[in-house]
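J.: Submitted below is the structure of interest, expressed as C-alpha coordinates.
The values are calculated or read from the model by the stated rules, or taken from the named source; none is laboratory data. Source: prediction; values computed, not measured. Note: areas computed on protein heavy atoms with side chains; ligands, DNA, RNA excluded. Shrake-Rupley method; radii C 1.70, N 1.55, O 1.52, S 1.80 Å.
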Amino acid sequence: YMLGEERSFVWLVRRGSFVCRVLPSRKVIEALTKDAHDALSKAPERDRGGLDEALAKLSRTVLRPVAGELRHDRLLVIADGGLQSIPFAVLPLGGRRLVEDHEVVMLPSASILAALRAEVAKRPHPPQKAVLVFADAVFRSDDERFPPALRRPAAPFPAGPLGDVARSAARDLGVRGFDPLPHSRIV
(Lines give C-alpha, C1' and ligand atoms only; values in the text may rest on other atoms or scores of the structure.)
Protein backbone atom coordinates (compact mmCIF):
# COMPACT_ATOMS: atom_id res chain seq x y z
CA TYR A 1 0.00 0.00 0.00
CA MET A 2 1.06 3.57 -0.67
CA LEU A 3 -1.11 6.40 0.54
CA GLY A 4 -1.01 9.62 -1.48
CA GLU A 5 -2.56 13.05 -1.17
CA GLU A 6 -4.79 12.71 -4.26
CA ARG A 7 -4.95 8.94 -4.65
CA SER A 8 -3.44 5.88 -3.08
CA PHE A 9 -2.38 2.52 -4.50
CA VAL A 10 -2.42 -1.14 -3.63
CA TRP A 11 -0.13 -3.58 -5.41
CA LEU A 12 -0.65 -7.31 -5.44
CA VAL A 13 2.58 -8.98 -6.46
CA ARG A 14 3.13 -12.67 -6.92
CA ARG A 15 5.47 -14.76 -9.00
CA GLY A 16 4.54 -14.14 -12.62
CA SER A 17 1.91 -11.42 -12.04
CA PHE A 18 1.53 -7.88 -10.85
CA VAL A 19 -1.72 -6.02 -10.19
CA CYS A 20 -2.02 -2.34 -9.29
CA ARG A 21 -5.29 -0.70 -8.21
CA VAL A 22 -6.02 2.94 -7.46
CA LEU A 23 -7.53 3.72 -4.06
CA PRO A 24 -8.95 6.94 -2.58
CA SER A 25 -6.76 9.64 -1.10
CA ARG A 26 -4.75 9.36 2.10
CA LYS A 27 -7.33 11.58 3.85
CA VAL A 28 -10.20 9.18 3.05
CA ILE A 29 -8.25 6.05 3.98
CA GLU A 30 -6.80 7.59 7.16
CA ALA A 31 -10.33 8.59 8.31
CA LEU A 32 -11.60 5.03 7.75
CA THR A 33 -8.49 3.66 9.46
CA LYS A 34 -9.03 5.92 12.48
CA ASP A 35 -12.66 4.78 12.77
CA ALA A 36 -11.59 1.12 12.57
CA HIS A 37 -8.75 1.62 15.04
CA ASP A 38 -11.04 3.43 17.50
CA ALA A 39 -13.64 0.65 17.21
CA LEU A 40 -10.97 -2.02 17.75
CA SER A 41 -9.64 -0.15 20.79
CA LYS A 42 -13.01 -0.27 22.54
CA ALA A 43 -14.17 -3.43 24.23
CA PRO A 44 -15.89 -5.33 21.36
CA GLU A 45 -18.81 -6.38 23.57
CA ARG A 46 -19.80 -2.71 23.98
CA ASP A 47 -20.44 -1.97 20.32
CA ARG A 48 -20.01 -5.04 18.14
CA GLY A 49 -22.11 -3.50 15.35
CA GLY A 50 -19.95 -0.38 15.25
CA LEU A 51 -16.80 -2.48 15.08
CA ASP A 52 -18.12 -4.66 12.26
CA GLU A 53 -19.29 -1.61 10.31
CA ALA A 54 -15.97 0.25 10.69
CA LEU A 55 -13.96 -2.80 9.61
CA ALA A 56 -16.30 -3.46 6.67
CA LYS A 57 -15.97 0.12 5.39
CA LEU A 58 -12.18 -0.03 5.57
CA SER A 59 -12.13 -3.44 3.93
CA ARG A 60 -14.35 -2.27 1.04
CA THR A 61 -11.90 0.55 0.43
CA VAL A 62 -8.53 -1.20 0.76
CA LEU A 63 -9.22 -4.90 0.09
CA ARG A 64 -12.15 -5.11 -2.31
CA PRO A 65 -10.16 -3.64 -5.24
CA VAL A 66 -7.87 -6.73 -5.19
CA ALA A 67 -10.33 -9.27 -3.74
CA GLY A 68 -10.84 -10.99 -7.10
CA GLU A 69 -7.11 -11.59 -7.38
CA LEU A 70 -6.73 -13.27 -4.00
CA ARG A 71 -6.52 -17.01 -3.70
CA HIS A 72 -5.85 -18.91 -0.51
CA ASP A 73 -2.46 -17.25 -0.42
CA ARG A 74 -0.16 -16.15 2.33
CA LEU A 75 -0.59 -12.38 2.28
CA LEU A 76 2.41 -10.24 3.11
CA VAL A 77 0.94 -6.83 3.87
CA ILE A 78 3.19 -3.80 3.73
CA ALA A 79 0.94 -1.02 4.94
CA ASP A 80 1.47 2.72 4.79
CA GLY A 81 0.45 5.48 7.18
CA GLY A 82 -2.37 4.69 9.57
CA LEU A 83 -2.99 1.35 7.87
CA GLN A 84 0.01 0.11 9.85
CA SER A 85 -2.12 0.28 13.01
CA ILE A 86 -4.78 -2.11 11.68
CA PRO A 87 -4.45 -5.89 12.01
CA PHE A 88 -5.44 -6.80 8.45
CA ALA A 89 -6.26 -10.34 9.58
CA VAL A 90 -9.52 -9.11 11.15
CA LEU A 91 -10.78 -7.28 8.06
CA PRO A 92 -13.82 -8.93 6.51
CA LEU A 93 -13.80 -10.10 2.91
CA GLY A 94 -16.67 -12.05 1.37
CA GLY A 95 -18.44 -12.49 4.71
CA ARG A 96 -15.38 -13.97 6.45
CA ARG A 97 -12.39 -12.50 8.25
CA LEU A 98 -9.27 -12.38 6.08
CA VAL A 99 -7.46 -14.70 8.48
CA GLU A 100 -10.03 -17.44 7.91
CA ASP A 101 -8.83 -17.94 4.33
CA HIS A 102 -5.30 -16.53 4.38
CA GLU A 103 -2.17 -16.46 6.45
CA VAL A 104 -1.68 -12.73 7.00
CA VAL A 105 1.78 -11.35 7.76
CA MET A 106 2.38 -7.66 8.39
CA LEU A 107 5.79 -6.39 7.27
CA PRO A 108 7.40 -2.97 7.62
CA SER A 109 8.02 -0.85 4.54
CA ALA A 110 11.53 -0.77 3.10
CA SER A 111 12.07 2.74 4.49
CA ILE A 112 10.94 1.70 7.99
CA LEU A 113 13.04 -1.46 7.78
CA ALA A 114 16.11 0.61 6.86
CA ALA A 115 15.47 2.97 9.80
CA LEU A 116 15.03 0.02 12.20
CA ARG A 117 18.26 -1.59 10.99
CA ALA A 118 20.14 1.68 11.36
CA GLU A 119 18.81 2.05 14.91
CA VAL A 120 19.84 -1.50 15.81
CA ALA A 121 23.32 -0.90 14.36
CA LYS A 122 23.81 2.02 16.78
CA ARG A 123 23.06 -0.07 19.86
CA PRO A 124 25.98 -1.35 21.89
CA HIS A 125 26.56 -5.06 21.62
CA PRO A 126 25.65 -7.03 24.75
CA PRO A 127 28.48 -8.53 26.76
CA GLN A 128 29.59 -11.92 25.50
CA LYS A 129 28.80 -13.60 28.80
CA ALA A 130 25.17 -12.44 28.95
CA VAL A 131 22.62 -14.92 30.25
CA LEU A 132 18.86 -15.18 30.09
CA VAL A 133 17.21 -16.67 33.17
CA PHE A 134 13.68 -17.97 33.58
CA ALA A 135 12.97 -18.35 37.26
CA ASP A 136 10.24 -19.70 39.45
CA ALA A 137 9.94 -16.38 41.28
CA VAL A 138 8.28 -15.97 44.66
CA PHE A 139 5.63 -13.25 44.58
CA ARG A 140 3.76 -13.91 47.83
CA SER A 141 4.88 -13.93 51.45
CA ASP A 142 2.78 -17.05 52.16
CA ASP A 143 4.46 -19.11 49.40
CA GLU A 144 4.86 -22.77 50.46
CA ARG A 145 8.54 -22.66 49.49
CA PHE A 146 9.29 -20.41 52.49
CA PRO A 147 10.06 -22.24 55.72
CA PRO A 148 6.95 -22.07 57.96
CA ALA A 149 8.69 -19.74 60.43
CA LEU A 150 9.29 -17.14 57.68
CA ARG A 151 5.83 -17.24 56.10
CA ARG A 152 3.61 -14.25 56.63
CA PRO A 153 -0.03 -13.65 55.73
CA ALA A 154 -0.33 -12.97 52.02
CA ALA A 155 0.02 -9.38 50.94
CA PRO A 156 -0.88 -8.66 47.33
CA PHE A 157 2.46 -6.95 46.64
CA PRO A 158 5.86 -6.78 48.33
CA ALA A 159 6.89 -3.71 50.31
CA GLY A 160 9.49 -1.30 48.98
CA PRO A 161 10.39 0.01 45.52
CA LEU A 162 9.64 -3.30 43.76
CA GLY A 163 6.22 -3.33 45.37
CA ASP A 164 5.60 0.24 44.21
CA VAL A 165 6.34 -0.75 40.61
CA ALA A 166 4.24 -3.90 40.90
CA ARG A 167 1.31 -2.00 42.40
CA SER A 168 1.50 0.68 39.70
CA ALA A 169 1.60 -1.82 36.82
CA ALA A 170 -1.05 -4.00 38.39
CA ARG A 171 -3.37 -1.08 39.08
CA ASP A 172 -3.19 -0.11 35.38
CA LEU A 173 -4.07 -3.69 34.40
CA GLY A 174 -6.64 -4.34 37.12
CA VAL A 175 -4.50 -7.11 38.65
CA ARG A 176 -4.48 -7.78 42.41
CA GLY A 177 -1.39 -10.01 42.53
CA PHE A 178 1.01 -12.09 40.47
CA ASP A 179 1.22 -15.84 40.03
CA PRO A 180 4.42 -17.70 39.17
CA LEU A 181 5.28 -18.16 35.50
CA PRO A 182 3.58 -21.44 34.48
CA HIS A 183 5.94 -24.41 34.21
CA SER A 184 8.96 -22.34 35.30
CA ARG A 185 9.63 -24.79 38.13
CA ILE A 186 10.09 -27.64 35.64
CA VAL A 187 13.69 -28.06 34.52
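J.: When only the heavy atoms of the protein chains count and the probe is 1.4 Å, how do Lys129, Lys34 rank by accessible area, highest first?
T.: The ordering from most to least exposed comes out as Lys129, Lys34.
J.: Go through Arg14, Arg64, Arg151 and list them by solvent-accessible area, largest first, probe radius 1.4 Å.
T.: Arg64, Arg151, Arg14
J.: Over segment 79-131, what percent of the accessible surface lies on carbon and sulfur atoms, probe 1.4 Å?
T.: Looking at segment 79-131 in its full context, I get 61 percent from C and S.
J.: Return one whole number: the accessible area per residue of segment 5-112 in Å², for a 1.4 Å probe.
T.: 60
J.: Pairwise over distinct Cα atoms, reciprocal of the mean inverse distance: report the Kirkwood radius of segment 1-105 in Å, one decimal place.
T.: With all distinct Cα pairs of segment 1-105 included, I get 14.0 Å.
J.: For a quick check of understanding: with a 1.4 angstrom probe and all protein chains in place, what accessible area in square angstrom does Leu75 have, to the nearest ten?
T.: Ignoring ligands and nucleic acids, Leu75 comes out at about 20 Å².
J.: If amide H atoms are built 1.01 Å from N in the plane of the peptide, which residues on other chains or at least 5 residues away come under 5 Å of the amide H of Leu93?
T.: Leu98
J.: Which ³J(HN,Hα) values in Hz, rounded to whole numbers, follow from the phi angles of segment 79-94 under the Karplus curve 6.51 cos²θ - 1.76 cosθ + 1.60, where θ = phi - 60° and Gly and Pro get x?
T.: 8, 10, x, x, 4, 5, 8, 9, x, 4, 4, 8, 5, x, 8, x
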